[in-house]
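All remarks here apply to the structure that follows.
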Amino acid sequence: MSRPQGPPSFARIQRWKTGMDRMVRCLIVLATVIMVNVFASRYYHRFYLSSQTHVALSSRSLAIVNSITNQVTVTLYYDTQDSANFYSTLYALACEYHEANPNIIVRTVDYERDPGEAEKVKKEFDLPGTPESPNAPPNKDLVIFSSGKQHDYVPGEAIVKYRLERTAPDDPDQKELQFRKKPVAFNGEVMFTSKLLALAHVQPLRAYYVQGHGEASLSDTTEPGYAKFGLALAQNDLQVTNLELLGSGEVPMDCALLIIAAPIRALDPTELQKIDRYLSQGGKLLALLNYESLNVSIGLEPILQQWGINAVPGYVKDPDNSIGDQVVVVRDFNPKSFVNPLTQLALEMVLPRPIAAVNWATPPANPPQVDELAFSSGQSTLAGDPSATRRRYPLVAASQAKVVAGRTQVRGITRIVAVGDSVFLDNQIIDAAANRDFLNYAVNWLLDREELLSGINPTPVTEYRLVLTRAQARQLDWALLAGLPGGVLFIGWLVWLVRRK
């Protein structure tokens, strides 16, 4: 005898209700996700758990970034596991640029852990230096900017500024002094924005480097050479060409910047006439003098005086702010000038000459605006003049012609930066302190690229150091090796005890 079958566990109407319920739930979840994304795109602002990853772009950078319409790829060619190379901060900065403009693409190539991709980057951008191209970039820690067939790079060593700091020796009996490189300033935004601006230009500007009077060579890679100086100019979107003025030609019309770097022999009168004409037409001049020309009248001094700059004979000694007998550490800057971002930093100058504003008894018509920019301390003396009182000496000055209504110069507005030292920009010292930063700011001011000066400053680096005695270090080791596993076992025992009850 067969047993009658009962009703099905789910009637057709019940199955339909269950299906509709699931479908409605899925639609609700989908609608919620869409609404969250819409509101997030409009009102969401990121927050940061660490100040090291919080990078806020200046209004100047945002204005430049928002104007970029072509696609730019920023390649971080770094060892991502090296905590000392500021990779995480650079990556956070690059992501800020990408968030501001999606045309800026960010990618990372770890040359230590992805050698195959690293080789592709080397071939793509010709990274390995060769004897034929000694100024080629190094093989590690680079930020590479590329757009179409154009590309440029910033070495990691130029992004973070360091200073030597004395440290306590590990062994108390060790008497030898020990030093470490302490990071003091992060120049990432300055470098990123300048490179993005440079890629927006079809052709780099042209600078001319005067030669023929014992100037340092831009191709010289030895310590007194100027190879790094030339490379720094190229990184500022300048194509540098050597120039000799003894011929019949004038300063070329495409000259955006004329550079005279520490001649040790007098310039010919015809050369000086051409330089004078160039400045009267609205030219831009970077003049670097040094102690070697103290006893030689190179002929440039009267031209500088016409523009309100006086190159004083002698060099400055500042015993309270010196490294050895020659290097003067300069910490005093004019806050109302383009060197304002350096006020928390310093320059290291070698036997610098005073460069002061001319004190005119009778000012000429429409005199230029002259600003003294950097100074030694108030305890400085002038070598060779023991009777001089200790005082503050200006070491850098800038001059700018005043705009005259109805008068237009073919080269724009005359601007001059004169520095009482040239050695501080050679291959040996250019990376010391903020020397390279000064060059960058001076060049951008001379070229009237105010967008790279106002509102884009180096970011101070804050270090957090945990100092432990040996006893405290042993206690910490025991806490990590025994305390953490013991805590896990204790929690497990509590769970077992609760379940047993």
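Computed quantities for the displayed model
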{"read-out": "So Ala374, is it in contact with a Pro (Cβ under 9 Å, 6 or more places away or on another chain), in contact (Cβ under 8 Å) with a residue 40 or more places away in the chain and surrounded by fewer than 23 Cβ atoms within 10 Å (Cβ to Cβ)", "value": "no"}
{"read-out": "First in segment 241-258 and within 19 Å of Ser219 (Cα to Cα), second anywhere and exposed (fewer than 14 other Cβ atoms within 10 Å of the Cβ), Cβ under 8 Å, 6 or more apart", "value": "Leu243/Pro252"}
{"read-out": "Unmet criterion (only one of (1) over 28 Å from Tyr162 (Cα atoms); (2) of a type in the set (Asp, Glu); (3) buried (at least 17 other Cβ atoms within 10 Å of the Cβ)) for Asp110", "value": "(1)"}
{"read-out": "Criterion: in contact with a Gly (Cβ under 9 Å, 6 or more places away or on another chain), surrounded by 10 or more Cβ atoms within 10 Å (Cβ to Cβ) and modelled with pLDDT under 85 - qualifying residue of Ser67, Ser61", "value": "Ser61"}
{"read-out": "Those residues of segment 97-110 which are within 18 Å of Gly156 (Cβ to Cβ) and either among the polar types (S, T, N, Q) or modelled with pLDDT under 90 (or both), in sequence order", "value": "Thr108"}
{"read-out": "Close pairs from segment 265-292: first within 21 Å of Thr408 (Cβ to Cβ), partner among the basic types (Lys, Arg) and outside any loop (DSSP other than H, G, I, E, B), Cβ under 8 Å, at least 6 apart", "value": "Lys284/Arg415; Leu285/Arg415"}
{"read-out": "Top-ranked residue of segment 343-358 - restricted to ones that are in a loop (DSSP other than H, G, I, E, B) and closer than 23 Å to Ala287 by Cα, ranked as nearest to the chain's Cα centre (by Cα)", "value": "Leu345"}
{"read-out": "Residue match in segment 291-304 (condition: under 30 Å from Met191 (Cβ atoms), in the same structural domain as Asp437 (by TED's automatic domain parsing) and either among the aliphatic types (A, V, I, L, M) or at pLDDT below 95 (or both))", "value": "no"}
{"read-out": "Answer residue from segment 247-273, given it is surrounded by fewer than 17 Cβ atoms within 10 Å (Cβ to Cβ) and touching a Ser or Thr at 6+ places or on another chain (Cβ under 7 Å) and is farthest from Gln306 (Cα to Cα) among those", "value": "Ile264"}
{"read-out": "Among the residues listed as Ala471, Ala432, Ala442, Ala482, the single one being farther than 22 Å from Arg206 by Cα, modelled with pLDDT of 65 or more and surrounded by 11 or more Cβ atoms within 10 Å (Cβ to Cβ)", "value": "Ala432"}
{"read-out": "Residue match in segment 96-114 (condition: of a type in the set (A, V, I, L, M, F, W, C), in the same structural domain as Val160 (by TED's automatic domain parsing) and more than 22 Å from the chain's Cα centre (by Cα))", "value": "no"}
{"read-out": "Evaluation of Arg391 against (1) without any contact (Cβ under 8 Å) to a residue 24 or more places away in the chain; (2) closer than 19 Å to Val423 by Cβ; (3) among the basic types (Lys, Arg) (one fails), failing number", "value": "(2)"}
{"read-out": "Only listed residue being at pLDDT 90 or above, in the same structural domain as Gly412 (by TED's automatic domain parsing), among the hydrophobic types (A, V, I, L, M, F, W, C) and part of a loop (DSSP other than H, G, I, E, B), chosen from Leu257, Leu285, Leu267", "value": "Leu267"}
{"read-out": "Qualifying residue in segment 205-218 (condition: assigned to a helix (DSSP H, G or I) and either not assigned by TED's automatic domain parsing to the domain that holds Asn427 or not acidic (Asp, Glu) (or both))", "value": "no"}
{"read-out": "Within segment 303-325, considering residues that are surrounded by 19 or more Cβ atoms within 10 Å (Cβ to Cβ) and not β-branched (Val, Ile, Thr), the one nearest to Ala356 (Cα to Cα)", "value": "Ala311"}
{"read-out": "Scan of segment 75-108 for residues that are touching a His at 6+ places or on another chain (Cβ under 8 Å) and closer than 19 Å to Glu124 by Cβ, ordered by number", "value": "Ile104, Ile105, Val106"}
{"read-out": "Hits in segment 305-345 - residues which are in contact (Cβ under 8 Å) with a residue 40 or more places away in the chain, of a type in the set (Lys, Arg) and out of contact with any helix residue (DSSP H, G or I) (no Cβ under 9 Å at 6 or more places or on another chain)", "value": "Lys317"}
{"read-out": "Segment 288-335 - residue that is polar (S, T, N, Q) and assigned to a strand (DSSP E or B) and, of those, farthest from Phe438 (Cα to Cα)", "value": "Asn310"}
{"read-out": "Residues of segment 279-302 satisfying the condition of being more than 24 Å from Tyr226 (Cα to Cα) and buried (at least 22 other Cβ atoms within 10 Å of the Cβ)", "value": "Leu279"}
{"read-out": "Output for segment 168-202, where each listed residue is at pLDDT 70 or above and part of a loop (DSSP other than H, G, I, E, B)", "value": "Asn187"}
{"read-out": "Only listed residue being of a type outside the set (Ser, Thr, Tyr) and not in a loop (DSSP other than H, G, I, E, B), chosen from Ala433, Ala398, Ala361", "value": "Ala398"}
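To keep it simple, each residue is scored yes or no on (1) closer than 19 Å to Leu285 by Cβ; (2) touching a Ser or Thr at 6+ places or on another chain (Cβ under 9 Å); (3) crowded, with 22+ Cβ neighbours inside 10 Å.
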position	(1), (2), (3)
Ala365	no, no, no
Gln379	no, no, no
Ala397	yes, no, yes
Val404	no, no, no
Thr414	yes, yes, no
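Residue-by-condition table, conditions (1) farther than 17 Å from Ile259 by Cβ; (2) touching a strand residue (DSSP E or B) at 6+ places or on another chain (Cβ under 8 Å):
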{"residue": "Pro183", "(1), (2)": "yes, yes"}
{"residue": "Met191", "(1), (2)": "yes, yes"}
{"residue": "Lys195", "(1), (2)": "yes, yes"}
{"residue": "Leu205", "(1), (2)": "no, yes"}
{"residue": "Gln211", "(1), (2)": "no, yes"}
{"residue": "Thr221", "(1), (2)": "yes, no"}
{"residue": "Ala227", "(1), (2)": "no, no"}
{"residue": "Gly230", "(1), (2)": "no, yes"}
{"residue": "Asn236", "(1), (2)": "no, no"}
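The values are calculated or read from the model by the stated rules, or taken from the named source; none is laboratory data. These figures come from a predicted structure and were not determined experimentally. No Cβ is skipped: glycine too gets one built from the backbone with ideal geometry, and neighbour counts run over all protein chains shown.
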